[in-house]
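The values are calculated or read from the model by the stated rules, or taken from the named source; none is laboratory data. All values reported here derive from a predicted model rather than from experimental measurement. Please note: Cβ atoms are built from the backbone with ideal geometry, for glycine as well, and neighbour counts cover all protein chains shown.
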Amino acid sequence: MFKLIITPIFLFLLHGCMTDATTEQLENISDTIPPKLRLMGRTHDTAYLFCNYIDPGAVMLDEHTKKERCMDMKDIEIKGEVDTRIQGAYLLSYTGKDSVGNKSAALTRTVHVVENGAGFLYGPYEVAYTCTAVIRGTFTPTITSDTYVANAKPFYRNYSFELDRMKVGPEFIKPETYLADNLINASFFSTMFDFKSSCSGTLSAAKNSFTLETVAYQYNPAINYFCKNVYTQVKLREIKK
């Protein structure tokens, strides 16, 4: 009696599993619908010389399962590359493939590599630094000066550029900078300074130098810094060792 009770239940469960597997196989065999792709971002995009291009990607919709997959999945193939060292138009082609091998129609994106409006701010700069430090609660300032070398290069947004360092008080920081005509808007983050700290500057008429002035409020010890960094573009052989 014990076997007669257990065996039918086991066979019933086995039959159910086989039915599910068979159904799934039949669904896969009958799936001949190609998936559809949708580009993220613009079909005509812009990248800037000497800046990294970030591909917005694509999304694939499996028309049979109604599931979406992003471009980081192995089901979407991207052909082509963008060389931001050379101006021109570059074509990227996207093709999707679902789990049973149906291929989507290809979509394309054209990426135009153009010069950044701040692209001339590039290479090594010799920096003349002066800074006045005032301990909060006192009236005796301390003035320091220094020289150092920094490097500039265009950033991925138009009219923006990045500096590998700018001196503020005892610390070197990396500001985010944006050029608007001859004015420079700059911002920075440091755990040493209060968020109310500020930075701005101007570009020379010859465009071979610029000045950044910073007001920074240090937390501990409590010191206010009023600093000026004057960047002058130089050739490699002119950099002082």
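Restricting attention to the range 113-136, which residues are loosely packed, with under 14 Cβ neighbours inside 10 Å and either among the aromatic types (Phe, Trp, Tyr) or over 19 Å from CYS227 (Cα atoms) (or both)?
Of everything in the range 113-136, those that are loosely packed, with under 14 Cβ neighbours inside 10 Å and either among the aromatic types (Phe, Trp, Tyr) or over 19 Å from CYS227 (Cα atoms) (or both) turn out to be GLU115, GLY123.
Going residue by residue through the range 214-221, is there one that turns out to be out of contact with any Gly (no Cβ under 6 Å at 6 or more places or on another chain), without any contact (Cβ under 8 Å) to a residue 24 or more places away in the chain and surrounded by 14 or more Cβ atoms within 10 Å (Cβ to Cβ)?
Among the residues of the range 214-221, at least one is out of contact with any Gly (no Cβ under 6 Å at 6 or more places or on another chain), without any contact (Cβ under 8 Å) to a residue 24 or more places away in the chain and surrounded by 14 or more Cβ atoms within 10 Å (Cβ to Cβ), which makes the answer yes.
Can you name every residue in the range 88-102 that is modelled with pLDDT under 95 and surrounded by fewer than 13 Cβ atoms within 10 Å (Cβ to Cβ)?
GLY101
Could you grab the pairs with beta carbons closer than 6 Å, sequence gap of 6+ or different chains, first residue in the range 96-119 and within 12 Å of GLU77 (Cα to Cα), second one of a type in the set (S, T, N, Q) and modelled with pLDDT of 95 or more?
ALA106/SER93; THR108/SER93
Count, please, the residues in the range 159-202 that happen to be part of a strand (DSSP E or B) and either at pLDDT below 95 or out of contact with any Lys or Arg (no Cβ under 6 Å at 6 or more places or on another chain) (or both). Step through it out loud before you land on a result.
Taking the range 159-202 as the starting set, the residues that turn out to be part of a strand (DSSP E or B) are 160-163, 166-168, 171-173, 176-180, 183-187, 193, 198-202.
With the extra rule that they be either at pLDDT below 95 or out of contact with any Lys or Arg (no Cβ under 6 Å at 6 or more places or on another chain) (or both), the set shrinks to 160-163, 166-168, 171, 173, 176-180, 183-187, 193, 198-202.
Number of matching residues: 25.
Please pick out the residue among PHE210, PHE189, PHE193 that is touching a Leu at 6+ places or on another chain (Cβ under 6 Å) and among the aromatic types (Phe, Trp, Tyr).
The unique qualifying residue is PHE210.
Is it true that GLU68 is of a type outside the set (Lys, Arg), over 30 Å from ASN158 (Cβ atoms), surrounded by fewer than 16 Cβ atoms within 10 Å (Cβ to Cβ) and modelled with pLDDT of 85 or more?
Values: of a type outside the set (Lys, Arg): yes; over 30 Å from ASN158 (Cβ atoms): yes; surrounded by fewer than 16 Cβ atoms within 10 Å (Cβ to Cβ): yes; modelled with pLDDT of 85 or more: no.
Taking the combined requirement at face value, the residue does not satisfy it.
Which residues, counting only those in the range 31-41, are at pLDDT 90 or above and out of contact with any Ser or Thr (no Cβ under 9 Å at 6 or more places or on another chain)?
ARG38, MET40, GLY41, listed by residue number.
Need at least 2 residues that are among the small types (Gly, Ala, Ser) per element, so show me which strands (runs of 3 or more DSSP E) inside the range 70-158 make the cut, counting only ones lying wholly within it.
88-96, 123-135, 142-154
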